[in-house]
Amino acid sequence: MKLFDDLKWRGLIKDITSDDLEQKLNEETLTFYWGTDPSAESLHLGHLSSLLTAKRLKDAGHHPILLVGGATGLIGDPRPSKERQMITKESLLKNYEGIKNQITTLFGYEIVNNYDWSKEINFIDFLRDYGKYFNVNYMLDKDIIKRRLENGITYTEFSYMIMQALDFLYLYENKNCQLQVEGSDQWGNITAGVELIRKKIGKEAYGFTMPLVTDASGNKFGKSEGNALWLDKNKTSSYELYQFLVNVEDEMVISYLKIFTFLSKDEIEQLAEDHLKNPHLRHAHRALAQELITFIHGTEEYLKALKISQSLFSGNFEALNAQEIKEALKDVPNFKFALNDNVLNVLINNNICISKREAREFIANHSITINNKKIIDENYLITNKDLIGEEILIIRRGKKKYYLGIK
RNA sequence: GGAGGGAUAGCGAAGUGGUUAAACGCGGCAGACUGUAAAUCUGUUCCUUCGGGUUCGAUGGUUCAAAUCCAUCUUCCUCCA
């Protein structure tokens, strides 16, 4: 299958700036860029679809440049709702380093920082050399700006689009970068760049956007309990990732396989068929977890996540010895406890519950188990006989949340 | 600079002196059913030593009693200049 058709089949193309792009992608060798602002220390699952698309393009022979926005990050891309809180220069720098390292480790692609070229532009030159190419009416017409006019937008964020357009121009002129690939929220910024390149140097540049990855209810994909799932395994363990992926809604799993794995069309169609026949076996979910985790953290991490999940959810972890459990559960939240303490205290002191009231509620609902035994008495004391190997304790809250207690 | 209207729990939104720890919806959490899925149903959603304590933008006041009345401040919106 040709590259463009593959991208389309995977649902990775939302808008393209020109129909010529199909042929260019299929037949030429392009330099392209994808950018993100360093607004956190680590990338998260939401970024991964773009990064994987970049890899798909690279594998098809195109040259990727990944831009980390040391300059644009200081300004803030307008969100549809309201003005952003500006990030300090110090934390931006810290985030920049984190993300740069992450991308380098994962992909090893060329990384550029738009601060390097943006910092030199002085205000008067900016207005004379670039400002003249931007018609305010045109900018106001962009969807993202239009939406913000109702709630107000500052000049700072209004200018973001210009900075990103400058990036594209700079990369076009200095690195022969002809294509920008971003998530669909970047459409306005991409077209601003394409337009600038056309007006200022009379050249044709291209862009396409990828649809926002969502869950079945249309929310942004990649959050668990309101927290982002990070690509940094110290922030989100491979076990957590595995759990998230294996619990993905059935109706979404196939589209995620297309977006987040490098499995072929045949392989994915086979999984779709398996899934339809035997949904409870969840072959598609398992494949998604395996492919994704192996890609970002490696086989060893994947096997670890799998082993932990299996031992926890098969319910026979009592057969394991303390050392095995400790190793397997290294990534679930840990806590210390004292013997002969009341179960309520243990739950509260270790953030398993947020208050005594809640802890009582969980116990009344039969939601708490210790070593797979339901605790129904809120005065239950934890004693030596609850310990596995005389030192550890496994507390489960609800069906899926595990906590490992170490004496 | 002027006039008016807002600010209530994670979000949206009722509530205009006492029976209001604050309706309702969403979201969250848990239980049942399942497949560690979805849908559905049920419960729950400030803290508590279960006596009570602390909450409705902030501070101060009136009152036996305030989310509700008054003053000042902060902040958002609309209109006018």
Q: Note down all Cβ pairs under 9 Å where the first residue falls in region A:226-249 and is among the β-branched types (Val, Ile, Thr), the second is at pLDDT 90 or above and near RNA strand B (Cβ under 7 Å from one of its atoms), and they're at least six residues apart or on different chains.
A: A:Val246/A:Arg282; A:Val246/A:His285; A:Val248/A:His285
Q. Residues in region A:88-99: is at least one open to solvent by 30 Å² or more (accessible area, probe 1.4 Å) and in contact (Cβ under 8 Å) with a residue 60 or more places away in the chain?
A. no
Q: Could you list, in sequence order, all residues of region A:1-31 that are outside any helix (DSSP H, G or I), of a type outside the set (A, V, I, L, M), more than 24 Å from A:Glu291 (Cβ to Cβ) and in contact with a helix residue (DSSP H, G or I) (Cβ under 9 Å, 6 or more places away or on another chain)?
A: A:Asp15, A:Thr17, A:Ser18, A:Thr31
Q) Would you call A:Ser184 within 16 Å of RNA strand B (Cβ to nearest atom), modelled with pLDDT under 90 and open to solvent by 20 Å² or more (accessible area, probe 1.4 Å)? A) no
**Q.** A:Leu257 vs. criteria modelled with pLDDT of 85 or more, surrounded by 18 or more Cβ atoms within 10 Å (Cβ to Cβ), assigned to a helix (DSSP H, G or I) and not polar (S, T, N, Q)
**A.** yes
Q: Would you check which residues across region A:205-225 are without any contact (Cβ under 8 Å) to a residue 12 or more places away in the chain and in a loop (DSSP other than H, G, I, E, B) and list them?
A: A:Ser217, A:Gly218, A:Asn219, A:Glu225
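For every residue, the table says whether it meets (1) closer than 22 Å to A:Ser237 by Cβ; (2) basic (Lys, Arg).
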| residue | (1), (2) |
| --- | --- |
| A:Asn345 | no, no |
| A:Ile352 | yes, no |
| A:Ser355 | no, no |
| A:Lys374 | no, yes |
| A:Thr383 | no, no |
| A:Leu404 | yes, no |
(Q) Step by step: first the residues of region A:264-287, then only those that are open to solvent by less than 20 Å² (accessible area, probe 1.4 Å) and of a type in the set (A, V, I, L, M), then the one that is nearest to RNA strand B (Cβ to nearest atom). Which residue is that? (A) A:Ala284
Q. Counting residues that are crowded, with 17+ Cβ neighbours inside 10 Å and near RNA strand B (Cβ under 10 Å from one of its atoms), which helices (runs of 4 or more DSSP H) fully inside region A:318-389 reach at least 1?
A. A:343-349, A:356-364
Q.
Can you go through A:Asn227, A:Asn234 and tell me which one is away from RNA strand B (no atom under 14 Å from the Cβ) and at pLDDT below 85?
A. A:Asn234
Q.
Between A:Glu204, A:Glu249, which is open to solvent by 60 Å² or more (accessible area, probe 1.4 Å) and either within 11 Å of RNA strand B (Cβ to nearest atom) or hydroxyl-bearing (Ser, Thr, Tyr) (or both)?
A. A:Glu249
Q. Of all residues in region A:37-48, which are surrounded by fewer than 22 Cβ atoms within 10 Å (Cβ to Cβ) and in contact with a strand residue (DSSP E or B) (Cβ under 8 Å, 6 or more places away or on another chain)?
A. A:Ala40, A:Ser42, A:His44, A:Gly46, A:His47
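The values are calculated or read from the model by the stated rules, or taken from the named source; none is laboratory data. In this text, all values refer to a predicted model and were calculated from it rather than measured experimentally. Every residue, glycine among them, receives a Cβ derived from its backbone with ideal geometry; neighbour counts consider all protein chains shown. These accessible areas exclude ligands, DNA and RNA; they are computed on the full protein's heavy atoms, side chains included. Shrake-Rupley method; radii C 1.70, N 1.55, O 1.52, S 1.80 Å.
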